Each structure stands twice: as C-alpha cells, then as structure tokens.
Amino acid sequence: MDEKDIGTKVIPVLTLPMGVGGDSHSNIRALQRLLQLLDSPELCDVIDGQPVSKAHLGDSSGYGASPVETTNTVRKRFKVDLTGNHDKAFVELTEDHLLPQLKREDPLFGAFNDKAQEALEWQLHVYQRAEMRGFTYYDYFRELPRMVEVNGTLLVHGSPRKPITEYIRPNYVTMPDILRKIFEQVPKAVAVAHTHFSMLILYDPKKGSNNRFYWAWGPEVVSEGVLEELPDVVFSPDDLSEPIHANVRVLAKSKLNGYKAVINFGSIGQPRDNCPLAKGGIITQEGYFFLRVPYDTYGAAADIIRVGLPPILGWRLIDGDERNKKANGGVRTLYETDDAFQKRFAQEMATRGVDYPLPQQYSSIKI
Ligand SMILES: [Fe+2]
Ligand SMILES: [Fe+2]
C-alpha cells in the first residue's frame, strides 16, 4: 500500500454519536467490556438516548491471544474498521493467502520488535486455521479502508498524511509546523490511534501563526504550561472523573468551540499510557467523551501465557506500561527483575490455572 495515496472513503452508514476505539490487538476481554459500555443504558443517558454507531480504528490483530475472536467481533459489531500497521503487515508479509509463509526478510517484518514478530507469526497460522469457505482474513485485512470521514471528522489509524504509519505523539505540540500541516488536512477533527496513548490536541484555525496547541494525556491536562487559558474550551478538572456507573468513567469531556482537534482515545487492548483500563470514546456533534473501562487484565495475560506467546505481552497489560523501553533510560525496573510484580503475576496465573514459568531468578519463589 502506498502511503502517498490517501484517498478518503465516505462511509454513509456511520452517524453521530459514534463510538470509537482502536488497537484492540487480539484482546477480546478488553474489547467486549468496551462494547458493553458503548451499548449500556448508562452511556445512552450521557448522549441523550441516541443510538451509537461504532468505528474501529484498526489493529484488531497483533500481540494478544485471541486474534480470530477479536477480529470477528470487530467485523460484526463495528460499522467500519480501518487498516492498522499490524493489519497491513499481515497482508504484506504473507506470500500467498492460501499457503501463508511469513516474509521474514521483508524490512516491514524487521520494523516490529521481536515479541511482536513472534505474535505475528503465530497469528498467521491461527487466522488461517479459522478461515471459512469463501472468507479469508487476508482478504478482510487487504480490503479495509485507510481513512473515512463522518460529518467533518476523519477517522484514521495513524495520521491524515500517513494513515497507517505516522505516530502523532504528544511531543507534536512542540512541532507546530508539522501539526499545522496535519490540521490543513482536517475538516473539523481527526480521531487517530496507533500510539496507544490517550491524547487531545486542539488548534484554532482563526489564530493563524499565533496558534497554540494543547494536549491532554492520561488524567493530566497540559497546555504548554498555561492551564488558565483552557477552562471554557476543553476540560475542567471537575469533569475528569465523572462516573456514569460503577467502575466506568468518562475521563474527560471536550467541546469543540471552533477548534480543530486531533483526538486519540487510547488503546482498547494494549494501553501504553500508564493506565491499564480499556479505552475508547464517543464523538457527538458537540464534542468528545473519553471513556475508560476496567476489565480482567490478568485474565487477558493468562490467555497470552496459555497460548505460549512471550510473557511480556501479558505483563504489559497489567499496568498499561511500556516498562522495558522506559527502563532503558533507567527510570523503571524491568518486569523481569521486579520481584513483587513477578510474585503477584504468578499468583494471578495460578488462580487461573495457568502454568506460568517464572523468570529464571524467581524460579525458587514459593507462591
Ligand atoms: Fe498501530
Ligand atoms: Fe497498535
């Protein structure tokens, strides 16, 4: 797929209010909990009882233990799914969908870390075994659109200019020229995924070169250090934890008020923003709701251990962290060497009847 050809497909079936989530990454437990929330009467109340159409922003594949169930659920429950980089890799790294062989020499394969590569290879065979007469996951992923527009809001996995590969990270607020180019392609707003971070960046088209960029990440609201300028526009701290029913929270509400927005609701199935809850959102005519819902993270990790994928793919679900990357800067302990974490994890696996081989240094720990 050519990243320069970014034709936008208009999908008329999608209407506002719209439930949005992406990066399910074969985590069926997280996906089901988010869907339960999107269909719940409590949420309907928040959006005045209107029905919610649903869009998935890609990457239903990759990493987790339940690729077939997750992709099938996305196919059936979401009106649209988009191409994520894992979905694209599934297609491009496969020689022939009838006799799938992974193209290991392809640079695209080399771009994934070794754990993601292991999951990708395993999933290739799992998807193939589940294929039914007249249906292939190869065709499903190959035919996914890369970008759609709903009432002036673009939906895309990466960014409007590179729909599958660009990561719009929080540090883009320090790069106004890049952001300006992105916003030139955005009618009103764009909902993105791919980074697995929750984030909001706003842009005032009326202010031209004096524009300011704001962002929110996790429970924090940050704006180039000038929080006072925000209140009537975006968040107020009181909005940040508005419960809609037990354990489910609208993290934040945002009103557009003439601003263009880049919205990332975060990842459904593999958060990397230090908050392990399954994440998604609602887009309405007026603004956005960031949703977070707890699910059985240890259960999802047990699924991963059970099918023999690398344990780190399960560990990282527990605290929604990219600990190994951060540990490289000396900030955090690696999962492998965190005694308390490993003991707790082993206990949780034991209660789920999963045989968990503790890392070498803890193999003598009694649990
Ligand atoms: Fe991605
Ligand atoms: Fe992803």
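For the reader, a short list of remarks on this structure follows.
- Yes/no for Leu154 being assigned to a strand (DSSP E or B) and modelled with pLDDT of 85 or more: yes
- Entry remark, the stretch 64-89: residues being among the hydroxyl-bearing types (Ser, Thr, Tyr), within 15 Å of the chain's Cα centre (by Cα) and in a helix (DSSP H, G or I) number 2 in total.
- Looking across the stretch 134-185, the residues that are acidic (Asp, Glu) and more than 25 Å from Glu92 (Cβ to Cβ) come down to Glu149, Asp177, Glu184.
- Among residues of the stretch 71-95 that are without any contact (Cβ under 8 Å) to a residue 60 or more places away in the chain and closer than 13 Å to Leu35 by Cα, those with a Cβ under 8 angstrom from a residue that is polar (S, T, N, Q) and in a helix (DSSP H, G or I), sequence gap 6+ or separate chain, pair up as Thr73/Gln32.
- Looking across the stretch 260-281 at every residue that is touching a helix residue (DSSP H, G or I) at 6+ places or on another chain (Cβ under 8 Å) and at pLDDT below 85, the one that is farthest from His25 (Cα to Cα) is identified as Lys260.
- Ala193 vs. criteria within 22 Å of Leu14 (Cα to Cα) and away from ligand 2 (no atom under 16 Å from the Cβ): no
- When the stretch 150-178 is filtered for residues that are touching a helix residue (DSSP H, G or I) at 6+ places or on another chain (Cβ under 9 Å) and among the β-branched types (Val, Ile, Thr), the ones remaining, listed by number, are Ile164, Thr165, Ile168, Val173, Ile178.
For (1) within 14 Å of ligand 1 (Cβ to nearest atom); (2) within 17 Å of Leu313 (Cβ to Cβ); (3) surrounded by fewer than 16 Cβ atoms within 10 Å (Cβ to Cβ), each residue gets a yes or a no:
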residue	(1), (2), (3)
Ser53	no, no, no
Asp59	yes, yes, no
Tyr63	yes, yes, no
Val80	no, no, no
Asp87	yes, no, no
Leu108	yes, no, yes
Ala130	no, no, yes
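- Unique residue being out of contact with any His (no Cβ under 6 Å at 6 or more places or on another chain), part of a strand (DSSP E or B), at pLDDT below 95 and among the acidic types (Asp, Glu) when the list is Glu149, Glu105, Glu121: Glu149
- First in the stretch 333-351 and among the aliphatic types (A, V, I, L, M), second anywhere and modelled with pLDDT of 85 or more, Cβ under 7 Å, 6 or more apart: Ala346/Tyr356; Met349/Ala302; Met349/Ile305; Met349/Tyr356
- Matching entry among Asp177, Asp139, Asp96 (being over 19 Å from Ile28 (Cα atoms) and at pLDDT below 80): Asp96
- Members of the stretch 17-35 found to be hydrophobic (A, V, I, L, M, F, W, C), away from ligand 2 (no atom under 16 Å from the Cβ) and either assigned to a strand (DSSP E or B) or in contact with a strand residue (DSSP E or B) (Cβ under 6 Å, 6 or more places away or on another chain) (or both), listed by number: Met18
The values are calculated or read from the model by the stated rules, or taken from the named source; none is laboratory data. On a predicted model such as this, the values are computed, not experimentally measured, just so you know. Using ideal geometry, Cβ is built from the backbone for each residue, glycine included, and neighbour counts are taken over all protein chains shown.
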